[in-house]
Amino acid sequence: MSKYVYSFGGGTAEGDSTMRNLLGGKGANLCEMANLGFPVPPGFTIPTDLCNIYYELDGDYPEGLKEQVNAAIVKMGDIRGGAYGSTENPLLLSVRSGARQSMPGMMDTILNVGLTTETLGGLITQTGNERFAYDAYRRLITMYSDVVMEKSKGIEPTEGRGIRLQLEHLLEAKKEALGAEGDTDLTADDLKDLVDQYKTTVERVLGTPFPDSAEEQIWGAIGAVFDSWNATRAIAYRRIEGIPDEWGTAVNVQAMVYGNMGENSATGVAFTRDPATGENIFYGEWLANAQGEDVVAGLRTPLPVNDLMKNDSSDDSETLEARHKACYDEMIDLREKLEQHYGDMQDIEFTIEDGQLWMLQCRTGKRTGAAAIKMAVDMCKEGLIDKKEALKRVSADSLVQVLLPMVDPAAEGAAELLAKGLPAGPGGANGKLVFTSDDAVTQGKENGEKVILVRDETSPEDVHGMHAASAVLTAKGGMTSHAALVARAWGKCCIVGCSDIEIDVENRQMSIGGKIFKEGEWITLNGTTGNVYDGQLDLIDPDLETNVEFTELMDFTDEFRRLKIRTNADTPADAQRAIGFGAEGIGLFRIEHMFYGEGSDEPLFKLRKMIMSSDEVERRAALDELYPHMKSDIKATLDVMSGYPVTIRLLDPPLHEFVPHDANARQELASELNVSITEFNRRSDDLHETNPMMGHRGVRLGISFPEITEAQVRAILESAVELTQEGRDIHPEIMIPVLGHVNELKNQKKIVDQVYQEVREKYNVDAIDHMVGTMIEIPRAALTADKVAEAAEFFSFGTNDLTQMSFGFSRDDVAGFLPDYIEQGVLDNDPFQTVDQDGVGQLIEVGIERGRKTRPDLKVGICGEHGGDADSVIFCHNINMDYVSCSPFRVPIARLAAAHAVIQD
Ligand code: PEP
Ligand code: MG
């Protein structure tokens, strides 16, 4: 008969951590911990493949499962004591999900399964603690009615009308009526009364009584865990994280240990290192006299485990270390063992039952990008892992997080601090207030607004809203609450436990210190400090120079990668910044960009004059005026890049974009050109193109107006000679864009060669180091690359245009329909972000292969936006490019991806 149940406990287990595909992460690690002799409550795992069978059988179980489950439960009772369903010494169970990859809070947990009116008496006799027994019972009713009787039945109550919330309101009302501060102030009688109210409410709201049979409860709970795999929120999380549907979840059934047995009991969540910063400190939160749900669900704000974790708001809280010194020391010892064993940071759930420590779970902990980097580098230094492993531990997404904007400290200093919460997710964010997840999706995703989602606490139902929002703020919950875990994993700015906020969801508003904030008003969050500000504060780029581990990790990448990393930069400042990030050259300097932005008024005016010229004489005159600007810009960037190659692309402007629209500016330009406004308008109409993306741009401009190419080449070569004479090490690469036919390049090359001779003579030098090459951004150029390489010394793939021309998607208009393609799964992702390897990728491969056939030493790179996309960089490595080029801030991502490419080889 097939094996459907894998037991663990009492120092042995039928599985281990290598079996996570079968047993899920939680099950495999429980087995592993049991094997290591850790104090794990006995239990068993029903494996993930049963989940698929369950769905194949339409919610039924295969033959033999029940017998195996029953036998495993008997075994648990032998180890822990007691028997399931016993009226004298009842064994209670926890039933939890556990997928292959952890999905924090996405699926369901039911505790205290097996409590009925009959077994309750046994629990009271056994423990001599009536209050505890009723507390356990009211928790079971809450979780079971929510998970099994409501969610797994597909009942979707309206906001605020879910059974769990209704029961919690009864609890709140009870506390209020009695003037009790916390749950723990309620007596056995109060809880007894509450249990009666709960049962009546469950029957009234859900139409069925709460099941009073231990047998019915265990199977209801197991089925609900399987059902939860296909709950809306779990599906939403899988889509975001790319987890396949067919993986399924395992079910873990464990003997209950009780953290709610009184003041000598407790429960908590801890990380072997700080998951927010990566610091090597034991980090965690705990609650006295509580069960696990209280910590993770964020219902009570938990306490720090030790003094290291304290902050302003928890300064006088009692630590776990102070209250349960022996258990704390035992955990510190286990922490060390876990890190040595797994070689990574672990996330632990624990319970202290009447002074005895139990480990309920361990898994590799989620972490922020900054923490991922710090832990990888630190663990490498500590000898836990090697450099390769350290690099593998940091994903491109983690790196993106440390490159994320932060709140401008200057703006922050001057701003009004509204409130302070716990800094759960990194970086800074500003946005308009929204109070429900659906609103976050409508306004954030669909209307493209920047929104901040504010909730009392987030539950797993909020995943879609959290994803759509630029940041999340909650009034309740701790650093290990659901909101914090999910935000951290996504690198989303998040502040939790901000108790000064009072939220009124119905009226879409909140109040802080009596001041009302309505939906749509701006606030700013600093997720690194937990500060909440009124209004829209400026965000700035982070200061990476002071991040030692970031720099060290980047050094690791250089030891492995083969690809060179260049940058797309158009100003000396950008070039300098890129060098700071490790760029080894410029792969794309777009000449026309010098006419954008600050200080460009004068050259722009002159460029416009050149564009509006009607004949060569006029144009040459305009070019002469433009020349000094062009040369000084090119020279300044070449200067900064001394020692590195710089690819300078000749003008590729959409001409009509440079014609002024403003009446005064048009008049001014007409006067300068000495033509009437009617003549000016006629020339402007002439420049209008129906499809400028395929219009008179790039090399076509140089063919129509050779004097434009001439001036640019002269500016490049003269700058190079002058800088060389000043002792600089200058390597310009002249790049001809938008090429379709080799003859276009040959035509332009003649001009380059002519100017080269003139500049050589003018400065009386023998040679000027330079190369001439082209962009491959039109399919025909890729297909005829063998011919193009006759005239080109290098190729740079312009994958923005190559993607446009291959798909026939206009870059300017694609946003109108591409979202439909992604949503309907027609395309997996945006081909303008990640190279479409099947189609566009083929053209690139063919281009390289044919180009190198003609010219084996042909230098090949990429300068489209894809040069900074991790997957595309790996592709570029695999097809043997020499370098990738991307915007300065993406240089670190490209360096890491280039190293990953080698490690994966
Ligand atoms: C490209 O087409 O990929 C490219 C880099 O050029 P541009 O984006 O300027 O058209
Ligand atoms: Mg292009």
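The values are calculated or read from the model by the stated rules, or taken from the named source; none is laboratory data. If you're wondering where the values come from, they're calculated on a predicted model, not measured in any experiment. Reconstructed Cβ throughout: ideal geometry from the backbone, glycine too, with neighbour counts over all protein chains shown. Surface areas here come from the heavy atoms of the whole protein model, side chains and all, with no ligands, DNA or RNA. Shrake-Rupley method; radii C 1.70, N 1.55, O 1.52, S 1.80 Å.
Rounded to whole Hz and in sequence order, give me ³J(HN,Hα) for segment 394-409 from the Karplus expression 6.51 cos²θ - 1.76 cosθ + 1.60, θ = phi - 60°, writing x for Gly and Pro.
For segment 394-409, the Karplus curve yields 10, 8, 4, 5, 5, 5, 4, 4, 7, 8, 5, x, 10, 5, 4, x Hz.
Sequence-distant or interchain residues sharing an amide H contact under 5 Å with Gln346, placed H: which?
Answer set, sorted by chain and number: Thr272, Arg273, Gly365.
Pairs Lys174/Lys325; Lys175/Lys450; Lys606/Lys749: which exceed 31 Å Cα-Cα?
In this structure, Lys174/Lys325; Lys175/Lys450 exceed 31 Å between Cα atoms.
Residue-wise, which Karplus ³J(HN,Hα) couplings in Hz belong to segment 818-832, taking 6.51 cos²θ - 1.76 cosθ + 1.60, θ = phi - 60°, and x for glycine or proline?
Couplings: 4, x, 5, 4, 6, 4, 8, x, 5, 10, 6, 8, 6, x, 7 Hz.
Just the accessible area per residue of the chain, please: how many Å² with a 1.4 Å probe?
Values: 35570 Å² over 905 residues.
With all protein chains present, the chain gives 39 Å² per residue.
Considering only DSSP beta bridges whose two residues both sit in the chain, what percent are antiparallel, to the nearest 5?
65
To the nearest 10 degrees, how steeply does helix 616-640 sit against the main Cα axis of the chain, on a 0 to 90 scale?
Long axis of 616-640 versus the principal axis of the chain: about 50 degrees.
Applying a 10 Å radius around every beta-carbon, put 178-190, 623-635 in order of their mean neighbour count, most first.
On the way: 178-190: 14.2, 623-635: 18.6.
In descending order of packing, they fall as 623-635, 178-190.
Please work out the FRET efficiency for the pair Glu159 and Gln197, using the Cβ-Cβ distance as r and a Förster radius of 22 Å; give the result to the nearest 0.05.
0.45
Output the 0 to 90 degree angle, nearest 10, between the alpha-carbon long axis of helix 663-673 and the longest principal axis computed from the alpha carbons of the chain.
It works out to around 30 degrees.
Can you classify segment 179-278 as rounded, prolate or oblate using the Cα gyration tensor, where a ≥ b ≥ c are the square roots of its eigenvalues, rounded means a/c under 1.5, and otherwise it's prolate if a/b beats b/c and oblate if not?
Since a/c reaches 1.5 but b/c is at least a/b, the shape of segment 179-278 is classed as oblate.
In nm, to one decimal, how far is the Phe809 label point from the Asp538 one, both placed 7 Å along Cα→Cβ?
3.5
Report the one residue of Leu303, Ala250, Asn264 whose Cα lies farthest in the direction of the positive end of the charge dipole of segment 245-311 (charges on C-beta: Lys and Arg +1, Asp and Glu -1; origin at the Cα centre).
After comparing all options, I get Asn264.
Between Asp558 and Ser704, what is the label-point separation in nm under the 7 Å Cα-to-beta-carbon projection?
4.6
Does segment 676-765 classify as rounded, prolate or oblate by the C-alpha gyration tensor (a ≥ b ≥ c root eigenvalues; a/c under 1.5 gives rounded; else a/b over b/c gives prolate, otherwise oblate)?
prolate
Pop out the ³J(HN,Hα) list for segment 151-166 in order, Karplus 6.51 cos²θ - 1.76 cosθ + 1.60 with θ = phi - 60°, rounded to Hz; leave Gly and Pro as x.
Taking θ as phi minus 60°, the curve returns 4, 5, 8, x, 6, 10, x, 6, 3, x, 10, x, 4, 4, 5, 5 Hz for segment 151-166.
Of the peptides 14-22, 861-869, 814-822, 612-620, how do they stack up when ordered by the mean number of other Cβ atoms within 10 Å, highest first?
Listed from highest to lowest mean packing, they are 861-869, 14-22, 612-620, 814-822.
Per the helix-only calculation at 222 nm, which mean residue ellipticity applies to the chain, given -39500 (n - 2.57) for every DSSP H run of n ≥ 4 and division by its residues, nearest 500 deg cm²/dmol?
-13500 deg cm²/dmol
Which value, in debye to the nearest 20, describes the size of the charge dipole of segment 751-883 about its Cα centre when Lys and Arg Cβ atoms bear +1, Asp and Glu Cβ atoms bear -1, and nothing else is charged?
540
How much length would be gained if the chain were fully extended between Asp769 and Glu168, taking 0.36 nm per residue of separation minus their Cα-Cα distance, in nm to one decimal?
Here the answer is 208.7 nm.
For the chain, what is the charge dipole size about the Cα centre, in debye to the nearest 20, if Lys and Arg each add +1 at the Cβ and Asp and Glu each add -1 at the Cβ?
1660
Expected output is a single nm value to one decimal: the length gained when fully extending between Leu308 and Thr187, i.e. 0.36 nm times separation in residues minus the C-alpha distance. What is it?
40.1 nm is the gain from fully extending Leu308 to Thr187.
Please report, for the Cα atoms of the chain, the Rg to one decimal and the Dmax as a whole number; what are they, in angstrom?
Calculated on Cα positions, Rg and Dmax stand at 32.9, 106 Å.
Which is farthest toward the positive dipole end of the chain among Met345, Ser398, Phe560, measuring Cα position about the Cα centre, with Cβ charges +1 (Lys, Arg) and -1 (Asp, Glu)?
The listed residue farthest towards the positive side: Phe560.
Could you work out how far helix 20-35 tilts from the main Cα principal axis of the chain, as a 0 to 90 degree angle to the nearest 10?
60
Leaving ligands, DNA and RNA out of it, rank Lys450, Lys174 by accessible area with a 1.4 Å probe, largest first.
Of Lys450, Lys174, the descending order of accessible area is Lys450, Lys174.
In whole percent, and with a 1.4 Å probe on the protein chains, what portion of the accessible area of the chain is carbon and sulfur?
It is 47 percent, rounded to a whole number.
Using the structure shown, select from Lys26/Lys392; Lys750/Lys787; Lys3/Lys66; Lys366/Lys432; Lys750/Lys853 the pairs with a Cα to Cα distance greater than 19 angstrom. Show your work: numbers first, answer last.
Working: Lys26/Lys392 23 Å; Lys750/Lys787 17 Å; Lys3/Lys66 12 Å; Lys366/Lys432 28 Å; Lys750/Lys853 24 Å.
The answer is Lys26/Lys392; Lys366/Lys432; Lys750/Lys853.
Rounded to the nearest 0.05, what FRET efficiency do Glu382 and Ile879 have when you use their Cβ-Cβ distance and R0 = 56 Å?
My answer for the efficiency is 0.90.
If I take R0 = 45 Å and measure r between the Cβ atoms of Glu63 and Thr18 in this structure, what FRET efficiency does the formula 1/(1 + (r/R0)^6) give, to the nearest 0.05?
The pair Glu63/Thr18 has a calculated efficiency of 0.95.
Please list, in chain and number order, the residues 5+ apart from Gln509 or on another chain whose amide H is under 5 Å from its amide H, with Hs placed from the backbone.
Hits under the 5 Å cutoff: Asp504.
Mind ordering 848-859, 432-443 by average Cβ neighbours within 10 Å, highest first? Kindly include the intermediate steps, with their values, before the conclusion.
On the way: 848-859: 16.7, 432-443: 20.4.
Per-residue Cβ counts within 10 Å, averaged per peptide and sorted highest first, yield 432-443, 848-859.
Using the charge dipole of segment 21-76 (Lys, Arg: +1 at Cβ; Asp, Glu: -1 at Cβ; taken about the Cα centre), state which of Pro41, Cys31, Gly64 has its Cα farthest towards the positive end.
Pro41
Evaluate the charge dipole of segment 159-294 about its Cα centre and quote only its size in Debye, nearest 20, assuming +1 on the Cβ of each Lys and Arg and -1 on the Cβ of each Asp and Glu.
So the magnitude is around 420 debye.
Once amide H atoms are placed 1.01 Å from N in the peptide plane, what residues at a sequence separation of 5 or more from Phe797, or on another chain, have their amide H within under 5 Å of its amide H?
HN-HN under 5 Å from Phe797: Ile776, Gly861, Ile862, Cys863.
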